[in-house]
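The values are calculated or read from the model by the stated rules, or taken from the named source; none is laboratory data. Quantities reported herein were computed from a predicted structural model and do not represent experimental measurements. Here the Cβ positions follow ideal geometry from the backbone for every residue, glycine too, while neighbour counts run over all protein chains shown.
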């Protein structure tokens, strides 16, 4: 008799050989079960993929995250679970990582951190060159890390993950972080030179340029906002980057109209007379 391969689909969950043997194939007059026409045996499925480590058979496990998952977070939880399993694993079994994408993300985060620090130093240097005023330079320099921290908090609030795409967006947004602060502190300084007290100068100076910095921020946000409302793979790929850009702009605006005036009113609290171009501290 010629051997044939047939695909049989059974409804329900079958757990034993006997249950498979008693699958009903035909019941028109005569009852025909699977065991009447076939031998049912429990065996291993032919492997589709083979894994080897140093010439010895190995089991390969590939773990991927969902679109809204955090690669670094998932990697840490997996390694913690493996460490717990290690205590009960036989001594002749070992494990190792073939590829870990979280390592490249961590390196990218470190790179962005170094770039941000270098950007802060260079921005502070150029601010001092143009303003020639230590207090103005320090105030804007303090705003930079605060705006970045606020951006991270806002992204964490919507459960946006930190990956290469979101870090790219943060890198784009970093260049915009000091713009609003420079505009606000420059206008406050102009009022300080008119011999107004520091609180009045901070209040009036900020109010005068508020609409300008708000319009500038909204223009930058609106350019990227439509991507959030798109559908499909394009949104999944770029929404983290867009959120990073949007939140960095929002953080820069908040810092420039709250932290900068407050700090300026404290730094310029004492009375002094100076002309721009002379350094006083």
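Of 113, 169, 173, 119, all but one fail to be out of contact with any strand residue (DSSP E or B) (no Cβ under 7 Å at 6 or more places or on another chain), in a helix (DSSP H, G or I) and exposed (fewer than 14 other Cβ atoms within 10 Å of the Cβ); the exception is 113. Every test in (1) under 30 Å from the mean Cα position of the chain (by Cα); (2) without any contact (Cβ under 8 Å) to a residue 40 or more places away in the chain; (3) in the same structural domain as residue 184 (by the TED database) is passed by residue 95 save one, and that test is (3). Candidates 238, 234: the one that is at pLDDT below 85, touching a helix residue (DSSP H, G or I) at 6+ places or on another chain (Cβ under 7 Å) and more than 22 Å from residue 146 (Cβ to Cβ) is 238. Can you say whether residue 126 is within 30 Å of residue 69 (Cβ to Cβ) and in the same structural domain as residue 234 (by the TED database), as far as the supplied structure shows? Judged against the criteria, residue 126 is not a match. Scanning segment 209-252 for residues that are over 26 Å from the mean Cα position of the chain (by Cα) and loosely packed, with under 15 Cβ neighbours inside 10 Å yields a total of 3. Evaluating residue 270 against the criteria (1) surrounded by 17 or more Cβ atoms within 10 Å (Cβ to Cβ); (2) at pLDDT below 80 leaves one unmet condition, (1). Note on segment 124-165: residues that are under 29 Å from the mean Cα position of the chain (by Cα), surrounded by 14 or more Cβ atoms within 10 Å (Cβ to Cβ) and outside any helix (DSSP H, G or I) total 4.
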